[in-house]
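Quick notes on the structure that follows.
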Amino acid sequence: LIAMSTPDISPLPPTCALRLYLSLQDVCHLARPEPSCNVPLPSSYSLPSGHALSAACFSGMLALLLGARVRRGAYRLGIWIICGLMIVMIGVSRIYLGVHYPSDVAGGYTTACIWLVALDLAQERFKSSNAVEANQVKRRS
């Protein structure tokens, strides 16, 4: 009964992260650097880095979800290290290819961190509201 009353917000995080990325690009209008390799530049603006933002949102959410379900501290640490390395390597690759400034990647990471904190707070709120609802159902029975 309680699980059925929990709203399904699974499509919400990636959709809203994409909207946030597009909104920030519309506001900032920062031109891209000249690439160091023979890489074609995308037609979009530079800040924030969409790859860095997406990698941090996906890997960060993966680490939050898996880390919450793993009991052993060493495994949880391993999950966070692997996800963190994926995030860092994608950001470094964007700078290495010359398609983003370091500030663009940092902007993507910062935006993703803010988004992940907001999602984590929302999840905690849903958990606490479900716990209150469960207590009320128990009292009625």
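The values are calculated or read from the model by the stated rules, or taken from the named source; none is laboratory data. Because the structure is predicted, anything quoted here is derived from the model rather than measured. Positions of Cβ are backbone-derived with ideal geometry, glycine not excepted, and every protein chain shown enters the neighbour counts. These area figures cover heavy atoms from the full protein model, side chains too; ligands, DNA and RNA do not enter into them. Shrake-Rupley method; radii C 1.70, N 1.55, O 1.52, S 1.80 Å.
Filtering segment 11-45 to residues that are surrounded by 15 or more Cβ atoms within 10 Å (Cβ to Cβ) and of a type in the set (D, E, K, R) leaves only 32. Of all residues assigned to segment 87-96, none qualifies as being small (Gly, Ala, Ser), surrounded by 12 or more Cβ atoms within 10 Å (Cβ to Cβ) and modelled with pLDDT under 85.
The rows are residues; the columns are (1) more than 18 Å from residue 109 (Cβ to Cβ); (2) among the acidic types (Asp, Glu); (3) in contact (Cβ under 8 Å) with a residue 60 or more places away in the chain.
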site	(1), (2), (3)
26	yes, yes, no
29	yes, no, no
36	yes, no, yes
46	no, no, no
52	no, no, yes
56	no, no, yes
60	no, no, no
66	yes, no, no
73	yes, no, no
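Looking only at segment 14-48, residues that are within 15 Å of residue 93 (Cα to Cα) and of a type in the set (Gly, Ala, Ser) come to 2 in all. Out of the residues in segment 46-64 meeting the condition of being within 20 Å of residue 32 (Cβ to Cβ) and open to solvent by less than 20 Å² (accessible area, probe 1.4 Å), tell me which one is nearest to the chain's Cα centre (by Cα). Taking the candidates together, the pick is 56.
Residue check: residue 32 meets all listed conditions (1) modelled with pLDDT of 85 or more; (2) more than 13 Å from the chain's Cα centre (by Cα) but one, namely (1).
Here segment 65-81 is the region considered, the condition is being open to solvent by 80 Å² or more (accessible area, probe 1.4 Å) and touching a helix residue (DSSP H, G or I) at 6+ places or on another chain (Cβ under 8 Å), and the residue that is nearest to residue 32 (Cα to Cα) is 80.
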